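*Asks:* My questions will all concern the structure given below.
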Protein chains: 2
Amino acid sequence: MTTDHLPGVSRTPRRGRPRDAARDRALMDATLAELQANGYSGLTTAAVAKRAGVSTATLYRRWRSKEDLVVGAARAWAEELGPDRDTGALHSDLSALLHDKAAALDGPSGRLLRAVLGEAAHNRALADVLMDQFVMPLQERVGAVLDRAAGRGEIPPVEDALVVGEMVIGPMVSHTFLIPHTPGSRPGVDMAERLLPYLLRALGAATAPVPEAAGRE
Amino acid sequence: MTTDHLPGVSRTPRRGRPRDAARDRALMDATLAELQANGYSGLTTAAVAKRAGVSTATLYRRWRSKEDLVVGAARAWAEELGPDRDTGALHSDLSALLHDKAAALDGPSGRLLRAVLGEAAHNRALADVLMDQFVMPLQERVGAVLDRAAGRGEIPPVEDALVVGEMVIGPMVSHTFLIPHTPGSRPGVDMAERLLPYLLRALGAATAPVPEAAGRE
């Protein structure tokens with residue numbers, strides 16, 4: 001795992017010094033690693049500080065509590081779906097969205113999400129940050145894709161965009177999280193390609209190209 | 001929470017005595033409660049035994065290790081989707097399946113699943129029992145529903161039944177687990193009703209009745 005592409009951390013530097021930014025990155029990296037290894041309950045700020053190579057005092061200057069630290073990590077590792085790209089057609093818009101979502105789920109943000117889902121059942125701060133950082137960006141981008149497609153006359157107006165959003169996120173989450181995969185496989189990408197023709201039909205798109213057999217697991 | 005409907009535990013009694021069955025139920029109940037409160041990492045067999053009102057020695061006579069106990073709980077709380085019912089039409093077959101799945105997700109098996117999903121990322125025994133007890137029964141029932149519908153000529157033969165299975169399980173999992181809900185709401189039931197017309201269209205069913213507005217959250 002690398003933190004080269006760690007999003008968000010350098011967005012809100014406390015001070016301008018590169019050393020602090022590097023410390024923040026190391027702390028977010030260590031938080032994800034500890035969450036994966038020990039879950040929310042098993043995570044201690046001492047273990048995170050040790051793994052990051054900083055003192056506990058340093059950690060507490062930046063994050064006031066364990067919950068604050070993990071919520072911060074959920075923000076730092078939030079899905080970077082990338083910008084909504086208008087490709088001019090529903091098929092390619094939806095394909096781009098599915099592949100962006102797949103890349104996010106197969107990467108560190110997917111591992112973070114998986115590691116904190118259980119705790120979020122009874123931790124409102126964590127549930128709220130998952131909603132803000134993982135669900136809303138996806139739902140908004142789905143909405144924009146559907147509006148454009150309806151505007152072009154490719155599909156009838158969508159009555160329940162939230163359900164379509166769940167049909168984008170849900171199958172990839174369940175396929176990635178519920179089925180044992182061989183190391184190195186990319187279940188999100190596999191599901192993205194297989195899901196596309198069914199989604200297009202569900203939306204009433206006139207044509208639903210069959211995905212290429214290549215690229216399936 | 002009650003264990004009145006706890007599935008599976010009494011299926012494989014070690015001895016025939018009611019006292020043992022009651023102890024087993026109490027242990028499975030306590031395991032789920034501890035998993036929800038503290039996650040897999042935070043769960044200790046001592047805490048489970050204490051909550052169940054039995055000695056640790058009694059627990060270890062039945063379950064050799066913490067992993068054995070949690071895998072046993074995943075089997076005991078596995079989804080009871082109920083029997084595959086042939087209602088004679090795709091619409092009603094799929095509706096029954098979605099509502100059975102919703103009831104499972106909104107109940108103790110859903111809470112168990114949510115509590116162990118993170119751990120299953122790096123615990124093969126747990127990942128395998130989730131696959132066997134949660135994914136396969138659903139996929140098999142989806143396959144049977146689709147085969148009957150295609151046999152009746154309601155839909156063309158389905159090329160990728162696994163994807164359709166993920167379209168049944170996925171949106172309800174993501175809607176239940178990723179979105180904060182008010183206590184007492186039934187997000188699975190809500191999603192089941194809203195998902196149905198989109199699934200029918202995805203399958204190429206001739207008619208896709210619009211769900212009633214009543215019953216939505």
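*Asks:* At 37 °C and 0.692 mPa s, grab the translational diffusion coefficient of chain B from Stokes-Einstein with a Kirkwood Rh over Cα pairs, rounded to a whole number in µm² per second.
*Replies:* 176 µm²/s
*Asks:* Return the residues of region B:179-203 for which accessible area with all protein chains present is lower than in the chain on its own by 20 Å² or more; set the probe to 1.4 Å and exclude ligands, DNA and RNA.
*Replies:* Those are B:ILE179, B:PRO180, B:MET191, B:ARG194, B:LEU195, B:TYR198, B:ARG201, B:ALA202, which lose 20 Å² or more relative to the chain on its own.
*Asks:* Right, something else. Using alpha carbons only, how many degrees (0 to 90, rounded to 10) separate the axis of helix B:18-42 from the longest principal axis of chain B?
*Replies:* 80 degrees
*Asks:* In nm to one decimal, list the spacings between the B:ARG51 label point and its equivalents in the other copies, with label points set 7 Å along Cα to Cβ, shortest first.
*Replies:* 2.4
*Asks:* Moving on to the next point. Could you give, in nm with one decimal, how far A:ASP132 is from each other copy of that position, shortest first, with labels 7 Å out from Cα toward Cβ?
*Replies:* Spacings between copies for this position, smallest first, are 4.3 nm.
*Asks:* Which one of B:ALA150, B:VAL163, A:PRO108 has its Cα pushed farthest toward the positive end of the charge dipole of the protein assembly as shown, where Lys and Arg give +1 and Asp and Glu give -1 at the Cβ?
*Replies:* Projecting each Cα onto the dipole axis, the largest value belongs to A:PRO108.
*Asks:* Give the value in nm², to one decimal: projected area of the alpha carbon convex hull of region B:14-74, averaged over all directions.
*Replies:* The number I arrive at for region B:14-74 is 3.6 nm².
*Asks:* Kindly provide log₁₀ I(q)/I(0) values, in the same order as q = 0.08, 0.10, 0.11 Å⁻¹, from the Debye equation applied to equal alpha-carbon scatterers of the protein assembly as shown.
*Replies:* Result of the Debye calculation: -0.48, -0.74, -0.88.
*Asks:* Then there's this: Could you sort the residues of region A:34-48 by number and keep only those whose accessible area is reduced by 50 Å² or more in the all-protein-chain setting relative to the chain alone, 1.4 Å probe?
*Replies:* Buried by 50 Å² or more upon assembly, which counts only protein chains, are A:SER41.
*Asks:* Do the sum for the protein assembly as shown: with -39,500 (n - 2.57) for every DSSP H run of n ≥ 4, divided by all residues, what is the mean residue ellipticity at 222 nm, to the nearest 500 deg cm²/dmol?
*Replies:* Values: 20 runs with 276 residues, N = 434.
Result for the protein assembly as shown, helices only: -20500 deg cm²/dmol.
*Asks:* While we're looking at this one, here's another question. Calculate one ³J(HN,Hα) per residue across region B:194-204 by plugging θ = phi - 60° into the Karplus curve 6.51 cos²θ - 1.76 cosθ + 1.60, and present them in order as whole Hz with x for glycine and proline.
*Replies:* My calculation for region B:194-204 gives 6, 6, 3, x, 5, 5, 4, 5, 4, 7, x Hz in order.
*Asks:* Quick check: the distance between the Cα centres of region A:123-165 and region A:48-104, to the nearest angstrom?
*Replies:* 19 Å
*Asks:* Over both sides of the A-B contact, add up the buried accessible area with a 1.4 Å probe and give it to the nearest 100 Å².
*Replies:* Counting protein atoms only, the buried area is about 3800 Å².
*Asks:* At 1.4 Å probe size, with the rest of the protein present, what percent of the exposed accessible area of the protein assembly as shown is carbon and sulfur atoms?
*Replies:* 51 percent
*Asks:* Moving on to the next point. Tell me, what is the per residue accessible area of the protein assembly as shown in Å², probe radius 1.4 Å?
*Replies:* 43 Å²
*Asks:* Using Cα pairs closer than 8 Å and at least 6 residues apart in sequence, work out the relative contact order for region A:60-217, in percent.
*Replies:* 26 percent
*Asks:* A drop of at least 50 square angstrom in accessible area, chain alone versus all protein chains together, probe 1.4 Å. Which residues of region A:112-130 meet that?
*Replies:* Relative to the lone chain, where solvent access is computed with a 1.4 Å probe, region A:112-130 loses at least 50 Å² at A:ARG114, A:LEU117.
*Asks:* What value does region B:90-202 have for Rg/Rh, both radii from Cα atoms and Rh as Kirkwood defines it?
*Replies:* 0.99
*Asks:* Let me ask something additional. When each copy gets a label point 7 Å from Cα toward the beta-carbon at A:ASP147, what are the spacings between them in nm, shortest first?
*Replies:* Distances to the matching label points in the other copies: 4.6 nm.
*Asks:* Counting residues in region A:33-121 as N, plug N into 2.2 N^0.38 Å and put the Cα Rg over that result. List each step's numbers first, then the result.
*Replies:* Values: Rg = 16.7 Å, N = 89, 2.2 N^0.38 = 12.1 Å.
So region A:33-121 has a normalised radius of gyration of 1.38.
The values are calculated or read from the model by the stated rules, or taken from the named source; none is laboratory data. Just so we're clear, the structure is a prediction, and the values are computed from it rather than from any experiment. Glycine also receives a Cβ, built like all others from the backbone with ideal geometry; neighbour counts cover every protein chain displayed. Note: areas computed on protein heavy atoms with side chains; ligands, DNA, RNA excluded. Shrake-Rupley method; radii C 1.70, N 1.55, O 1.52, S 1.80 Å.
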